[in-house]
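Have a look at the structure below before the remarks.
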Amino acid sequence: MTETYDIVIRNAVLRGDPKTKKDIAIAGGKIVKIENKITEKAQNELDAAGNLVTESYVNTHLHLCKVYTLMKMDESALKDYHGADMGKAMTAIELAAKVKEEYDEKWIIKNVRKACALAGRYGCTHIRAFADVDSKAKLEGVKALIKAREEFKGIVDIQVVAFAQDGLVREPGAEQLMREAMKLGADVVGGIPWIEYTDADIAEHVRICFELAKEFDKPVSMLVDDAGDNGLRSLEVMALETIKTGWQGRSLAHHARAMSLYPKPYLQKLAALLKKAGMGVVSDPHTGPLHARVRELLDENVLVCLGQDDISDAYYPYGRNNMLEVAFLNSHLLWFTTREDMETLYDMVTKNPARCIGLKDFEIKVGAPANLVVLDQPNILEALRFHEKPAYVISHGKLIDQTKMDEIYKANS
């Protein structure tokens, strides 16, 4: 029989319909048919064996230029960042900056390849990846990430964020370096306004980022209020600038850890502002003792997702680019332990982050891009319990060669 499709997944269980097995046909990078039984054959025939098939995973927050750099420095930054009240978070950032004195694209790219190979192996097909841009890092991290973006095209889709890690007002020359990074080909303008010394400088940092975004017609991602200080308000400043600029749906906030200390009335006001700005919030509770109030934001219908944040760097010693593992960890940290909570967690590593970074039709339906994982487990509970590698990963309509991913990982270790 002539092969009609590129891939057919057989005997798949879809979320929300645990008792019915479906066949899913893929051709030309898209899902073209979902039926109880597809008779035509495909080049690749995959048997899900009654296990779960879902959208692939999306990591909206990874400092990809820093992966595997923890071994290059002591643990001073780690201790300060993980202090109980996160009162020394800024000190941690200043300590962590030391590794950038030896930044070089040649060694950064090897670490990046390792992390991207893990992403491919664990079914994370899309990453918003941060590269520091400042007087120490210069453009070395951006260059490495752009190179990896091309190498992993069609396997792991990388959105390169030019990230002003050490500030824009307090760091001389950073604005010009950011502009050079955007000209070089960065996909997103990245900021960290709370790190500036005054409220006026915070506002200026935000303004500069949105000016760059308008100049290059790019989205914005900012790390906001990432410390134990209930007086920090850079998330509000960012939301207001989003509305003023008309960047609704193209503006994404990360961390917002100070939110854990906000009074309830201000939190509700902020949630209303986030919805008006069309902004999502990326939370990474496993990488710091404070975090955004995820459940309350969800209750207010604010878009929230989870990110990996770090892999073996100055801020977090673990990480595998495994978003199921991230969801598992945060099930405990957020006390999301009911079946409904688990479904929400799963959304926060699949559909929600896809919306946060502008991916269209990121769902299992006819006509949608085929970014899928075939799991070894029959439901979300078991998927989270084991948080293992998927049996198969399909990215942009093609089956990822897992042997090749393992070879890339080993070759760059």
Using only helices, what value at 222 nm comes out for the chain when you add -39,500 (n - 2.57) per DSSP H run of length 4 or more and divide by the total residues, to the nearest 500 deg cm²/dmol?
-10500 deg cm²/dmol
Of all chymotrypsin sites (Phe, Trp or Tyr not before Pro) in segment 143-248, the ones in DSSP coil with at most 11 other Cβ atoms within 10 Å are TYR197
Could you tell me the relative contact order of the chain? Use alpha-carbon pairs under 8 Å, at least six residues apart, and round to a whole percent.
21 percent
Could you pull out the longest piece of the chain with no exposed loop trypsin sites (Lys or Arg not before Pro) in it, calling a site exposed if DSSP puts it outside H, G, I, E, B and it has at most 15 other Cβ atoms within 10 Å?
171-359
Helix 199-216 against the longest principal axis of the chain: what's the angle in degrees, Cα atoms only, rounded to the nearest 10?
50 degrees
Evaluate the Debye formula for the chain with equal point scatterers sitting on the alpha carbons, no solvent, and hand back log10 of I(q)/I(0) at q = 0.06, 0.08, 0.09, 0.12 Å⁻¹, in q order, two decimals.
-0.23, -0.41, -0.52, -0.92
Enter the angle in degrees (range 0 to 90, nearest 10) between the Cα long axis of helix 402-411 and the first principal axis of the Cα atoms of the chain, meaning the one along which they spread out most.
40 degrees
Karplus ³J(HN,Hα) for segment 267-278 (6.51 cos²θ - 1.76 cosθ + 1.60, θ = phi - 60°; Hz, whole; x = Gly/Pro) runs 4, 5, 4, 5, 4, 5, 5, 4, 5, 5, 7, x
With viscosity set to 0.890 mPa s at 25 °C, what whole-number translational diffusion coefficient in µm²/s follows for segment 288-389 from Stokes-Einstein and a Kirkwood radius over Cα pairs?
166 µm²/s
Under 5 Å between amide hydrogens, which residues at least 5 positions from ASP309 or on another chain qualify, with H placed 1.01 Å from N in the peptide plane?
HIS61, LEU62, HIS63
Scalar couplings 3J(HN,Hα) for segment 389-397 by Karplus 6.51 cos²θ - 1.76 cosθ + 1.60 (θ = phi - 60°), nearest whole Hz, x for Gly and Pro, are 5, x, 5, 9, 10, 10, 10, 6, x
Report, by chain and number, residues whose modeled amide H sits under 5 Å from the one on VAL32, excluding near sequence neighbours (fewer than 5 apart, same chain).
ALA25, ILE26, ALA27, GLY367
Hey, which of these cross-link pairs are over 25 Å Cα-Cα: LYS183/LYS276; LYS66/LYS153; LYS138/LYS410; LYS218/LYS276; LYS30/LYS143?
LYS183/LYS276; LYS138/LYS410; LYS30/LYS143
Around TYR316, what is the net charge, scoring Lys/Arg as +1 and Asp/Glu as -1 over all other residues with Cβ under 9 Å from its Cβ?
-4
Built amide H within the under 5 Å cut-off of TYR392, gap 5+
VAL374
Whole-Hz ³J(HN,Hα) for each residue in segment 138-144, computed from phi via Karplus 6.51 cos²θ - 1.76 cosθ + 1.60 with θ = phi - 60°, x for glycine and proline: what do you get?
6, 10, 5, x, 4, 4, 5
Taking a cut-off of 22 Å between Cα atoms, list the lysines near LYS33, but don't count ones fewer than 8 places away on the same chain.
LYS19, LYS21, LYS22, LYS41, LYS351, LYS360, LYS365, LYS398
Helix 174-184 axis, angle to the chain major axis (alpha carbon atoms, nearest 10°)
30 degrees
Neighbourhood charge, 9 Å Cβ-Cβ cut-off, centred on LYS33 and excluding it, Lys, Arg +1 and Asp, Glu -1
-3
Based on the alpha-carbon set only, what is the convex hull volume of segment 263-347 divided per residue, in Å³?
105 Å³
So ASP361 and ASP401, fully extended at 0.36 nm per residue minus their Cα-Cα distance, gain in nm 12.0 nm
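Rule-based calculations on the coordinates, nothing more; no lab input. What you are looking at is a predicted structure, and each value in this text was computed from that prediction instead of being measured. Here the Cβ is made from the backbone with ideal geometry for all residues, glycine too, and neighbour counts use every protein chain on show.
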